[in-house]
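Chemist: One structure is given below, represented as structure tokens, and several questions about it will come after.
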């Protein structure tokens, strides 16, 4: 059976990123015990197909680090076929707050949507936002596939959520879910990406773990980094 995440359609939160060495990852995961639990899906390979304009306007804007930026991607949890659920996600970040809207669909439905079909999904407001985004940018095409092996953790009695992404990688060709989940590494071997996602503030116990592990906040856009590596310096 394919691994599919719960169909949450609207999210608003603060997201903080950290780049961890293999040793820091082991330390961090060991210290999480008793505070957070891995979710029911365990280690899952996530594939995110980013759409962009022909001149890559969305990613070029994003790497300039403006106060407001937005992107759209098609996400699959595990292997995807034309029949399995995928999620078209509109992600915006404004003044440090991340807003995400997404609809569940299939790959053929999303393909028809970007070709001009007027409706995708059953939620009127979210469908209107995603359709407006598509129409505003006019031409959106597959631009980059980002892949990683993720373990998600949840706080049993709170809203704190965090994820650890192993082996983040990308490819700029074979931009479909039909291919093996392979790509060019984005980090040094063994390094991981930690993302902390919270509605309010990070709890004190987590602050202590980060301090003890000498884990410092970083900044990494997976799609942005892939674009930088693939674009000649002028």
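The values are calculated or read from the model by the stated rules, or taken from the named source; none is laboratory data. Note that the structure is a prediction, hence the values are computed from the model and not measured. Quick reminder, even Gly has a Cβ in these numbers, built from the backbone with ideal geometry, and neighbours come from all protein chains shown.
Chemist: Can you find a residue in segment 22-30 that is in contact (Cβ under 8 Å) with a residue 24 or more places away in the chain, in a loop (DSSP other than H, G, I, E, B) and either within 28 Å of residue 120 (Cα to Cα) or out of contact with any helix residue (DSSP H, G or I) (no Cβ under 6 Å at 6 or more places or on another chain) (or both)? Spell out how you get there, then give the answer.
Modeler: To start, the set of residues in segment 22-30 that are in contact (Cβ under 8 Å) with a residue 24 or more places away in the chain comprises 22, 24-25, 27-29.
Filter once more, keeping what is in a loop (DSSP other than H, G, I, E, B): none.
No - not one qualifying residue is present in segment 22-30.
Chemist: Give me the pairs, please: first residue somewhere in segment 42-63 and at positive phi, second residue anywhere and at pLDDT 95 or above and not in a strand (DSSP E or B), beta-carbon distance under 8 Å, and either six or more positions apart or on two chains.
Modeler: 56/227
Chemist: Of the residues that make up segment 203-216, is at least one at pLDDT 95 or above, in contact with a strand residue (DSSP E or B) (Cβ under 6 Å, 6 or more places away or on another chain) and either over 20 Å from residue 90 (Cα atoms) or surrounded by 16 or more Cβ atoms within 10 Å (Cβ to Cβ) (or both)?
Modeler: yes
Chemist: Could you check segment 165-188 and list, in sequence order, the residues that are closer than 24 Å to residue 22 by Cα, touching a helix residue (DSSP H, G or I) at 6+ places or on another chain (Cβ under 8 Å) and part of a loop (DSSP other than H, G, I, E, B)?
Modeler: Result: 186, single match.
Chemist: Another one. Looking only at segment 101-121, filter to residues that are over 17 Å from residue 84 (Cα atoms) and surrounded by fewer than 17 Cβ atoms within 10 Å (Cβ to Cβ); which one of those is modelled with the lowest pLDDT?
Modeler: Among them, the one singled out is 119.
Chemist: Right, next: In contact (Cβ under 8 Å) with a residue 24 or more places away in the chain, surrounded by 18 or more Cβ atoms within 10 Å (Cβ to Cβ), under 14 Å from the mean Cα position of the chain (by Cα) and under 22 Å from residue 50 (Cβ atoms): which single residue out of 224, 183 fits that description?
Modeler: 224
Chemist: Turning to a different aspect of this structure: So which residues in segment 62-83 are under 20 Å from residue 130 (Cβ atoms) and surrounded by 15 or more Cβ atoms within 10 Å (Cβ to Cβ)?
Modeler: Across segment 62-83, the qualifying residues are 62, 69, 70, 71, 72, 73, 74, 75, 76, 77, 80.
Chemist: Next question. How many residues are surrounded by 16 or more Cβ atoms within 10 Å (Cβ to Cβ) and free of Cβ contacts under 8 Å to residues at least 40 places away in the same chain if we restrict to segment 142-160?
Modeler: Total satisfying the criteria: 0.
Chemist: Also: Cβ-Cβ below 8 Å, separation at least six or inter-chain, first residue in segment 188-209 and in contact (Cβ under 8 Å) with a residue 24 or more places away in the chain and at negative phi, second assigned to a loop (DSSP other than H, G, I, E, B) and loosely packed, with under 14 Cβ neighbours inside 10 Å: which pairs?
Modeler: The qualifying pairs are 198/159; 199/159; 200/159; 203/158.
Chemist: Right, another one. For residue 193, indicate whether it is touching a strand residue (DSSP E or B) at 6+ places or on another chain (Cβ under 6 Å), at pLDDT 95 or above and more than 25 Å from residue 155 (Cβ to Cβ). If you could, list the steps in order and put the result at the bottom.
Modeler: Values: touching a strand residue (DSSP E or B) at 6+ places or on another chain (Cβ under 6 Å): yes; at pLDDT 95 or above: yes; more than 25 Å from residue 155 (Cβ to Cβ): no.
Here the answer is no, as residue 193 does not meet what is asked.
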